[in-house]
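Read through the structure below, which is laid out as structure tokens, and then see the notes.
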Amino acid sequence: MARGLSKNTRGVRGTTQQSATTSEPKSKSAQPTNSRITSLTAAQLLCAGTVFLVALLLYIWTLAPTVTLTDSGELIVVAWGLGIAHPPGVPLWIILAHLASLVPFGNVAQRINFSSALFAALACAMLTLVVADLIITASYLAAAKRRKRGTKKTEELGVTPLMVTAPAVGAGLLMAFSRTLWSYATITEVYALNALLIVIIFFLMLRWRRRIVEDRMHISPANAGQLTRHDAFLYSAALIFGLALGVHHVTVALTLPAIAVIVFRTQGVRFFTSRRLVYAALISIAALVAVYAYLPLAASRSPIINWGHPRSLEEIWWHLTGRQYQVYFSFKPEIMGGQFAEFCRMALREFGFPWVPLSLVLAFAGFADAFKRDRTIFWFLLTLVIADLAYALSYEIAEDKDAYYLPTFISIAIAAGLGIRWLVQRAVSKSLPGVKPSLAATIAVLVVCMIALTANWPLIIAGNTSSRTIMSTICSRRSRPTGSCSHSIGKSCPPCFMRRRSNRFGRT
């Protein structure tokens, strides 16, 4: 009995020693991988910072100096006086824009216009991080396939800083120079903040997926334990989703099917039958209720603009759902066909000249590359486009229609970044004489971005200039009597109110 015990003890000791000796080289082999991940993270942050600075400087340079057309005057007065805007009320935007109106420079319109520039620049930076995460995750999946096949590569992750930086910067700058985001980044509108929150949600969900893939491949340094420890990203995305519903809830809600694709392709049906889904839903609902509690609180103060005076639950629901705008929905084939034709014209000129659709070609290449390398991202981007178009094509409005296509334009910019990655990969694999991969990547990024910048710059400048001229004419006391402007409230319209207040209180 004692001999058997001693043999077992020696066997356990031998096993322990053997496992200790085998685990040592694993930790040593993991050091290059971890250092590479660290270098890639630094490259991501550098790319995001570069795109942010370029976009912010561009938006400041082309910033509208005063009140512009459409909803700008109303939103400025609402933000300054903490009032209630037209449905759905955009309470989160009002709170953040009011904070921007307190910054001590320029006039109120310039301050709130600048907040749009800041939100849009941050959105482009976050889009850079999204594309970088997609490329790194795709490299993990490619490495897993190589391991299953038994092939060995010198690059275990199959990705280099060039493969991350070029597509990430290209996609970020392409979004920064796009016509729709750029136009709303220089005026007072809610869509820049809306785009930022959407991209933040995508980043958190894709980072959640990346961490899970790292754990499955044992790339993460701390790969023990359950996968649920990464759910902090998931719950943070749920929180931002609930808050984002307080800006432009339609386009935010349209991203939900694409988010569901990420969750399903990452953890399957079991997630949708677990408590984690309930927790995420409760977090989103709590954030939604908290941000829309602003409406009755603001209405009780009787602000200058108190649209709908929402106090009861029924009035709040009417305001939230935009009941008066539901008459613009039409599912007639001829109307939806006309809307689709208009969308195609918008898409052709969104990222450059209509006769040079290089960005769209790269986007198609990116979709094809995603279908080959990472099927989850392919279905994510495709679902995002389908859900957005299914709603926008049935909503017949004349103003701000391009803003409803922002999720689709974000998807195209991401796909174009993946297309740049495919182009660089082709340059590396072909090993063309005299053509370095870094040179090919630089040329691709510069050409795509310069086409978008050259095409959209004159339009943004002309739009802001003509808008300023028109508003100066409309609000001139000599040209029109007080109270004759459109969007009149009481005895003055919002632009007239802001102009009169600026004359009375100087630069406030």
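Since every read-out is calculated from the coordinates, none of them should be taken as a lab result. Predicted, not measured: the structure shown is a model, and the values here were computed from it. Neighbour counts are summed over all protein chains in view; Cβ atoms, including those assigned to glycine, are modelled from backbone coordinates with ideal geometry.
Worth a mention:
- Region 271-348: radius of gyration over Cα atoms, expressed as a fraction of 2.2 N^0.38 Å: 1.66
- For GLU189, the shell of other residues with beta-carbons less than 9 Å away shows a net charge of -2, using +1 for Lys and Arg and -1 for Asp and Glu.
- Distance (nanometres) between label positions extended 7 Å along Cα→Cβ at LYS145 and LEU99: 4.4
- Taking 0.36 nm per residue of separation and subtracting the current Cα-Cα distance, fully stretching the chain between LEU256 and PHE329 would add 24.2 nm.
- Charge sum, other residues only, whose C-beta stays under 12 Å from ILE212's C-beta, Lys/Arg counted +1 and Asp/Glu -1: +4
- Shape call, region 80-133: gyration tensor on alpha carbons, a/c limit 1.5: oblate
- Amide H contacts for ILE84 (H built 1.01 Å from N in the peptide plane; partners 5 or more residues away or on another chain; cut-off under 5 Å): ILE305, ASN306, TRP307.
- Kirkwood Rh in Å, taken over region 51-206 so that all alpha-carbon pairs contribute: 17.2
- Placing dummy labels 7 Å off each Cα toward the beta-carbon, the span from SER394 to SER302 is 4.2 nm.
- Hz values of 3J(HN,Hα) by residue in region 58-71 - Karplus curve (6.51, -1.76, 1.60), Gly and Pro given as x: 5, 5, 5, 4, 9, 5, 5, x, 8, 5, 10, 7, 6, 8
- Couplings 3J(HN,Hα) for region 131-140, derived from phi with the Karplus relation 6.51 cos²θ - 1.76 cosθ + 1.60 (θ = phi - 60°), are 5, 4, 5, 4, 5, 5, 4, 4, 5, 4 Hz, where x marks Gly and Pro.
- Applying the Karplus relation 6.51 cos²θ - 1.76 cosθ + 1.60 with θ = phi - 60° to region 369-376 yields 3J(HN,Hα) values of 5, 5, 4, 7, 9, 9, 4, 4 Hz, where x marks Gly and Pro.
- Candidate aspartates and glutamates for bridging to LYS145, where Cα separation is under 13 Å - those fewer than 8 sequence places away on the same chain excluded: GLU156, ASP374
- In this label model, LEU57 and PHE271 are separated by 3.9 nm, measuring between points 7 Å along each Cα→Cβ vector.
- Segment SER429-ILE461, extension gain: residue separation times 0.36 nm, minus the distance between their alpha carbons: 7.3 nm
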